[in-house]
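Input: a single structure, listed below in structure tokens.
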Amino acid sequence: MLKADGVERVSADRSAYPAELAQLRASARKLGAALLADGRDAGSGNVVSSPGSLLVALAMLRAGAAGATAAEMDKVLGLPAQHRDEALNALLASLEAFDGDPGSVDETDPPRRPVLHTANGLFVDKSEPTGEGYLHSLARHYGAGVYPVDFQDEAATKPAIDAWVNQNTGGRIKKAPAQYDRRDTFSVLNAVYFASAWKVPFDPADTSELPFTTSDGRQVSVPTMSGVQDLAYAQGAGWQAVDLPYADGFVMRLVLPDPGAPKPGPQEIADAARALETAAPAPLQITLPKWEQKSSFELRKVFTELGLQEMLNTGTGFDAIQRGLKIQAAGQSASITVAEKGTVAAAVTQINARAVSGVAPMEVIRFDRPFLYEIVHVETGMPLFMGRVSDPRPSGS
């Protein structure tokens, strides 16, 4: 691995960029909504995604964009007009307080001290010149390692990229999500790994088979955790929400639509976030199914739905990276396991391109029908993972 010669990652103060961080949170939720919409055709209706990972990968691509391509990305994604890279640098620095080795985690017993590992990687073909200014930007703000490879040598390069993915997700994701092509000259990746015990674990003795109404109206029996905790709770037009805290620094934000109400969208989720941030914890009885999910996304389809046509089709917009660079493939893989002790989740986003020339009144919330969730870094409010549970059973049938 190489980095831009003589370039050190700069220190960024998160308090200097409140407006930019708010825009980045909104952008992540927009991307999360697009990923959930793209996953609607999954057989069970279950989806797990990482809008945070996709946001960082797109931001690293945006660092090398110019002209109409840059303008389109900023408009469609809602990226900050100024200090975009600095704000993301500050965000990533805040997350690094929880960094650790995914390979050291016992996933059957998630750690009390959360592990939140993020990694940025850039694989470039040794035969194709890559812009020094672009490499400097990634080194200064993203700490991205640059790996010079020979894409023509698939037998060496594909295993190297897969090994990077495997290492940075603790083995939960073993292969890069975008299709490999020997003609490519550029691949940018972001990985996110999260493992944490709940602040208050659920007692396995209280887990029992309870009914859950799936998205197609069937009632099934699923293993469901139950407990009483002091939790932040809020409700709005057509929804209830609760923050279920991990041992430190993170919460799982659960948003439950009222029976017959439409699925909450980005606005309702943002409203729930604002309400929960000011809600005082109070005793609440919660039932929550256990679940384990995997999802994969072909991101060119997601980008098309978002309206990123210029980004997908430009032949000059990424010349600062490599002359004639054009996106060829993009993908995300994500997985999550939620049980009595805590949560383990991982995701990888990849974009490949080619250069062509007291006993108080107690609320009750029962997650016994389809619901949405986020895993949120409390300090920054960034949604790192987002998903939907329509049928908690492993087979989804």
### Message
Going residue by residue through segment 340-355, is there one that turns out to be at pLDDT below 95, outside any loop (DSSP other than H, G, I, E, B) and surrounded by fewer than 22 Cβ atoms within 10 Å (Cβ to Cβ)?
### Response
no
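Taking the conditions exactly as written (part of a loop (DSSP other than H, G, I, E, B), open to solvent by 50 Å² or more (accessible area, probe 1.4 Å) and at pLDDT 95 or above), does residue 159 satisfy them or not? Lay out the reasoning, then the answer.
Values: part of a loop (DSSP other than H, G, I, E, B): no; open to solvent by 50 Å² or more (accessible area, probe 1.4 Å): yes; at pLDDT 95 or above: yes.
The answer is no for residue 159.
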### Task
Restricting attention to segment 18-34, report how many residues are open to solvent by 10 Å² or more (accessible area, probe 1.4 Å) and either of a type in the set (S, T, N, Q) or closer than 24 Å to residue 301 by Cα (or both).
7
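Quick grid of which residues meet (1) of a type in the set (A, V, I, L, M, F, W, C); (2) over 24 Å from residue 50 (Cα atoms):
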position	(1), (2)
66	yes, yes
70	yes, no
73	yes, no
88	yes, no
109	no, no
127	no, yes
139	yes, no
157	no, yes
162	no, no
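For segment 118-142, what are the residues that are assigned to a loop (DSSP other than H, G, I, E, B) and surrounded by fewer than 19 Cβ atoms within 10 Å (Cβ to Cβ)?
So the first thing to find is which residues in segment 118-142 are assigned to a loop (DSSP other than H, G, I, E, B), and the list is 126-131.
Listed by number, the residues that qualify are 126, 127, 128, 129, 131.
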### Message
Among the residues in segment 294-316, are any surrounded by 15 or more Cβ atoms within 10 Å (Cβ to Cβ), of a type in the set (Gly, Ala, Ser) and not in a strand (DSSP E or B)?
### Response
no
### Message
I'm checking my understanding of the structure. Among residues of segment 204-256 that are among the acidic types (Asp, Glu) and closer than 26 Å to residue 276 by Cα, which one is farthest from the chain's Cα centre (by Cα)?
### Response
230
### Task
Output the number of the condition that residue 164 fails; it satisfies all remaining conditions of (1) open to solvent by less than 10 Å² (accessible area, probe 1.4 Å); (2) in contact with a strand residue (DSSP E or B) (Cβ under 7 Å, 6 or more places away or on another chain); (3) hydrophobic (A, V, I, L, M, F, W, C); (4) not in a strand (DSSP E or B).
(1)
### Message
If residue 12 meets every condition in (1) more than 28 Å from residue 125 (Cα to Cα); (2) at pLDDT 95 or above apart from one, which number is that one?
### Response
(2)
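Looking only at segment 258-293, count every residue that is open to solvent by less than 30 Å² (accessible area, probe 1.4 Å), more than 18 Å from residue 224 (Cβ to Cβ) and not in a helix (DSSP H, G or I) and tell me the total. Reasoning before the result, please.
If we filter segment 258-293 for residues that are open to solvent by less than 30 Å² (accessible area, probe 1.4 Å), which is where we start, we get 264-265, 269-270, 272-273, 276, 279, 284, 286-289, 291, 293.
Subset that is more than 18 Å from residue 224 (Cβ to Cβ): 264-265, 269-270, 272-273, 276, 279.
Subsequent filtering for residues that are not in a helix (DSSP H, G or I) retains 264-265, 279.
Adding up the residues that qualify gives 3.
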### Task
Please find, within segment 182-203, the residue that is nearest to the chain's Cα centre (by Cα) out of those that are surrounded by 14 or more Cβ atoms within 10 Å (Cβ to Cβ) and part of a loop (DSSP other than H, G, I, E, B).
199
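Can you tell me which residues in segment 204-218 are of a type outside the set (Ser, Thr, Tyr) and either open to solvent by less than 40 Å² (accessible area, probe 1.4 Å) or within 18 Å of residue 122 (Cβ to Cβ) (or both)?
Within segment 204-218, the first condition is being of a type outside the set (Ser, Thr, Tyr), and the residues that meet it are 204-206, 209-212, 216-218.
The answer is 212, and nothing else.
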#### Entry: Top-ranked residue in segment 44-88 [being in contact with a helix residue (DSSP H, G or I) (Cβ under 8 Å, 6 or more places away or on another chain) and part of a strand (DSSP E or B); ranked as nearest to residue 385 (Cα to Cα)]
49
### Query
Name the pairs: first residue in segment 322-344 and among the hydroxyl-bearing types (Ser, Thr, Tyr), second residue open to solvent by 10 Å² or more (accessible area, probe 1.4 Å) and part of a strand (DSSP E or B), Cβ to Cβ under 7 Å, at least 6 apart or on different chains?
333/296; 335/293; 335/294; 337/292; 343/337
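The values are calculated or read from the model by the stated rules, or taken from the named source; none is laboratory data. Since the model is a prediction, treat every value here as computed from it, not as a measurement. Virtual Cβ from ideal backbone geometry, glycine too; neighbours counted across all protein chains shown. When the accessible area is computed, the model is the full protein with side chains, heavy atoms only, and any ligands, DNA or RNA have been set aside. Shrake-Rupley method; radii C 1.70, N 1.55, O 1.52, S 1.80 Å.
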